[in-house]
1. Could you give the size of the charge dipole of segment 2-165 about its Cα centre, using +1 on the Cβ of each K and R and -1 on the Cβ of each D and E, expressed in debye and rounded to the nearest 20?
2. Specify the residue with the greatest mean-square fluctuation among 126, 57, 22, computed from a Gaussian network of the chain linking alpha-carbon atoms under 10 Å apart.
3. Would you look at the GNM of the chain, springs on alpha carbons closer than 10 Å, and say which of 107, 131, 98 moves the most?
4. Which of 124, 82, 41 moves the most in a Gaussian network model of the chain with Cα springs under 10 Å?
5. Using the Kirkwood radius built from alpha carbon pairs, what does the Stokes-Einstein equation give as D for the chain at 25 °C and 0.890 mPa s, in µm² per second?
6. Taking the Cβ of residue 5 as the centre, find all other residues whose Cβ is under 14 Å away and add up their charges (Lys, Arg: +1; Asp, Glu: -1).
7. Using helices alone, I'd like the mean residue ellipticity at 222 nm for the chain: each DSSP H run of four-plus residues gives -39500 (n - 2.57), total over residue count, nearest 500.
8. What is the total of Lys pairs in segment 2-165 with C-alpha atoms under 22 Å apart, excluding same-chain pairs fewer than 8 positions apart?
Amino acid sequence: MDILRILIDFLKIYIPPMVANGIPVVVSKFIKGRPLDRGKYLSDGKRILGDGKTVEGTTFAILTGTLMGAIIGILNYYSLQYCFTGFLGSLGGILGDITKSFFKRRIGIERGGMLPLVDQLDFYLGSTLFIYLCPICAHPSLDVFLFGIIIIPLLHLSTNYIAFKLHLKSVPW
Ligand code: CTP
Ligand code: MG
């Protein structure tokens, strides 16, 4: 069935960035991370990124996402392609999230403030861009990508709500 093929392709490519995107929230509960921007401000009087983007969260995100890619690679007949896809998808995803925070600060949204759809799709677009720029990565077809555009915001909202209920996040988005 086509939808099953889309779902399997989607999971093989996007589980690593999805895990990478979720890990920092958990890490932040155990480690008080050091901000990536070292607490610095730009000339607009606002933080470069804010306290929500930390060295520890970012590092664990990339490591865990890459580990997920390695596991998916092993399960797919020791495919190095999925291993690279996991690494680049996680890296691109986390950079997408960081880039979003940079622009949120510029338009005056404080750390943790909501920016609908952008907050949900930042890592997805970042990871897709990086995967596409990598010639040896597994590329999602258009239907797989569009499936994600619909499913990711729903998944993101529900996991964030669960994280909020578990007191992992202070806001439900
Ligand atoms: N986090 C982190 N490092 C990252 C990304 C996230 O340590 N690179 C942690 C922070 O504790 C952050 C939490 O995960 O507060 C939730 O992530 P996110 O929603 O992306 O950050 P926000 O706090 O909402 O900050 P922003 O407004 O900049 O997106
Ligand atoms: Mg947020």
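1. Numbers: 16 positive and 11 negative charges, 137 e Å.
Approximately 660 debye in magnitude.
2. Looking only at 126, 57, 22, the largest GNM fluctuation is found for 22.
3. Highest fluctuation among the options: 107.
4. Taking springs between Cα atoms under 10 Å, the residue moving most is 41.
5. Values: Rh = 16.5 Å.
The Stokes-Einstein estimate is 149 µm²/s.
6. Numbers: positive: 12; negative: 2, 9, 143.
After counting each charged neighbour, the total is -2.
7. Numbers: 5 runs with 117 residues, N = 173.
Here the helix-only value at 222 nm equals -24000 deg cm²/dmol.
8. Lysine pair count for segment 2-165: 15.
The values are calculated or read from the model by the stated rules, or taken from the named source; none is laboratory data. Please read these numbers as outputs of a predicted model, since none were measured by experiment. We place every Cβ from the backbone using ideal geometry, glycine too, and count neighbours over all the protein chains shown. Protein only, heavy atoms only, side chains kept; ligands, DNA and RNA dropped before computing areas. Shrake-Rupley method; radii C 1.70, N 1.55, O 1.52, S 1.80 Å.
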